[in-house]
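The values are calculated or read from the model by the stated rules, or taken from the named source; none is laboratory data. These numbers come from a predicted model, not from an experiment. Virtual Cβ from ideal backbone geometry, glycine too; neighbours counted across all protein chains shown.
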Amino acid sequence: MSTEFLYDIGQKTGPAPVIKKLGALRLGMEQTPVLFCGQPVMVESMVADEVCPDQYIRCRNLQTGAISEPFGIHYYFASAFVTEKTLYVFATSTLDDRPMTMYQTDNAEAWHDPRGGHTVRMFRTQDLIHWTEKDIITCPDRRLWNTSVCRGDGCYMMAIEVSGMDGQSDIPQIGVGFTTFFARSNDMENWECLPDDASYTAARYNACPALRYANGWYYMICLEALPCARYAPYIYRTRNFYDWQVGFHNPIMMWSDEDRTPAPGSSFTPEQLTLLQTGLNINCSDIDLLEQEGKTHIYYANGDQMTYSFLCEAVYDGPMTQFLEHFFR
C-alpha cells in the first residue's frame with residue numbers, strides 16, 4: 001500500500017518557482033522535446049491529415065523547421081529519449097480502425113477516440129531517416145496512452161498512462177479516469193512492468209505523465225482534474241514508486257489568458273487566431289520539459305480537453321534539476 005506525503009500543520013516553504021509563459025506556438029499537443037545531435041527536436045504525435053490518412057509520428061527540428069517523413073503509422077502519444085547518438089521514440093497503438101471524431105462537435109453521440117491501444121512500440125534511429133522498431137509492452141486488458149522515459153538509478157524507467165477498457169476495469173489499481181504505471185529496462189530494448197502496486201494514483205484522475213530523475217528522486221508531473229471541469233498539472237516524487245511526496249507548490253501552472261497569446265515567431269491563420277483567443281481554456285496539460293543553455297523549457301497544451309488545443313511554451317530561468325527540486329522546498 002503506497003503512502004502519500006501530507007503537509008504538517010504550519011508547514012514552512014520557500015517561494016514557488018517562477019515560470020514565465022511565452023504563449024502559444026501552434027495547433028496540437030502530445031509532443032516531446034529532446035536534444036538530438038546537438039539540436040532541439042520536437043517529436044510530434046499527429047492526427048490524420050493531408051500528409052497521412054491515419055495517426056502518425058514525425059520529428060520537427062526546432063532550429064531549422066525541418067520536418068521528418070512520417071513514421072509510426074497507427075501509433076500516437078509519442079514520447080522520446082536520447083542516449084548517445086540514438087533517438088528512441090515510444091508510442092502506443094490505436095485501439096481500432098474507426099475514425100477519430102473527438103474534434104467534431106456537431107454530433108456528441110458519435111464521439112470516438114481510437115487512440116489508447118494495448119501496445120507500446122519502440123522506434124529507434126540515428127539519422128531521422130532510417131528507423132527500426134519493436135513492440136516492448138503489451139497489455140490486452142488495458143488501454144495505454146501517454147508514456148515518458150528517463151534514465152534513473154542504474155536503469156531506465158518508463159511511466160505509462162493507463163485506463164481500463166471502455167473506462168472500466170476490475171484492476172483495483174486503476175482509478176478515476178487514468179492511472180500511471182511503471183516499467184523498467186536495463187538497455188532500452190527490453191522492458192518489464194513493475195507490479196501493479198507500484199502505480200500512482202487510483203485515488204484521483206492522474207494523466208499524461210512526464211518522468212525525470214535527479215539526485216536519487218524520480219519526479220513526475222501529471223495532470224489532475226480539479227472541480228468544475230478544470231485541469232492542472234501537479235508534481236510528485238518518489239524513490240521507489242510505492243511511497244510518494246506531493247510538491248508544496250501545486251498546481252505548478254494554471255490556465256490563464258497568457259495561454260491565448262501568440263508566442264514570438266509563431267504564425268496562425270485568422271481562424272486559428274480566433275479559436276486561440278475565444279475558445280474555452282480550462283487546461284494546462286501534457287507537460288514536457290527540455291533543458292537547454294541552462295534554462296528549463298516547459299511545453300504544454302491549452303484548450304478545453306475535448307475539441308481543441310494549442311501547444312504553448314513557458315520557461316524557468318534555471319536548470320531542470322533546480323526546477324524540479326524547487327517544488328519541494
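A few comments on the model shown:
- Residue count for the range 50-94, restricted to those that are among the β-branched types (V, I, T), out of contact with any strand residue (DSSP E or B) (no Cβ under 6 Å at 6 or more places or on another chain) and in a loop (DSSP other than H, G, I, E, B): 3
- Breaking point among (1) modelled with pLDDT under 95; (2) aliphatic (A, V, I, L, M); (3) closer than 22 Å to S163 by Cβ, for A78: (1)
- Just one of the listed residues (I136, I73) is surrounded by 16 or more Cβ atoms within 10 Å (Cβ to Cβ), β-branched (V, I, T) and in contact (Cβ under 8 Å) with a residue 12 or more places away in the chain, namely I136.
- Close contacts from the range 302-314, counting a first residue that is on the phi < 0 side of the Ramachandran plot and part of a loop (DSSP other than H, G, I, E, B) and a second that is among the charged types (D, E, K, R) and surrounded by 21 or more Cβ atoms within 10 Å (Cβ to Cβ), with Cβ to Cβ under 6 Å and a gap of 6+ residues or different chains, come to N302/D259.
Residues checked against (1) within 17 Å of L290 (Cβ to Cβ); (2) within 17 Å of the chain's Cα centre (by Cα); (3) not polar (S, T, N, Q):
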{"site": "Q39", "(1), (2), (3)": "yes, no, no"}
{"site": "A66", "(1), (2), (3)": "no, no, yes"}
{"site": "K85", "(1), (2), (3)": "no, no, yes"}
{"site": "F90", "(1), (2), (3)": "yes, yes, yes"}
{"site": "Q126", "(1), (2), (3)": "no, no, no"}
{"site": "P140", "(1), (2), (3)": "no, no, yes"}
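- Within the range 27-49, being buried (at least 19 other Cβ atoms within 10 Å of the Cβ) and either part of a loop (DSSP other than H, G, I, E, B) or polar (S, T, N, Q) (or both) holds for M29, E30, Q31, T32, S45.
- Residue within the range 202-216 that is at pLDDT below 95 and in contact with a Pro (Cβ under 9 Å, 6 or more places away or on another chain) present: yes
- Filtered by the rule that a residue be over 25 Å from R115 (Cβ atoms) and among the β-branched types (V, I, T), the range 19-72 gives I19, T64.
- Pick from the range 81-95, criterion modelled with pLDDT of 95 or more and in contact with a Phe, Trp or Tyr (Cβ under 7 Å, 6 or more places away or on another chain), ranking: surrounded by the fewest Cβ atoms within 10 Å (Cβ to Cβ): V82
- Picking from residues in the range 13-26 that are part of a strand (DSSP E or B) and among the small types (G, A, S), the one that is farthest from D304 (Cα to Cα) is G23.
- Residue in the range 245-265 that is at positive phi, in contact with a strand residue (DSSP E or B) (Cβ under 6 Å, 6 or more places away or on another chain) and touching a residue at least 12 places away in the same chain (Cβ under 8 Å) present: no
- Of the residues E293, E325, the single one that is without any contact (Cβ under 8 Å) to a residue 40 or more places away in the chain and among the charged types (D, E, K, R) is E293.
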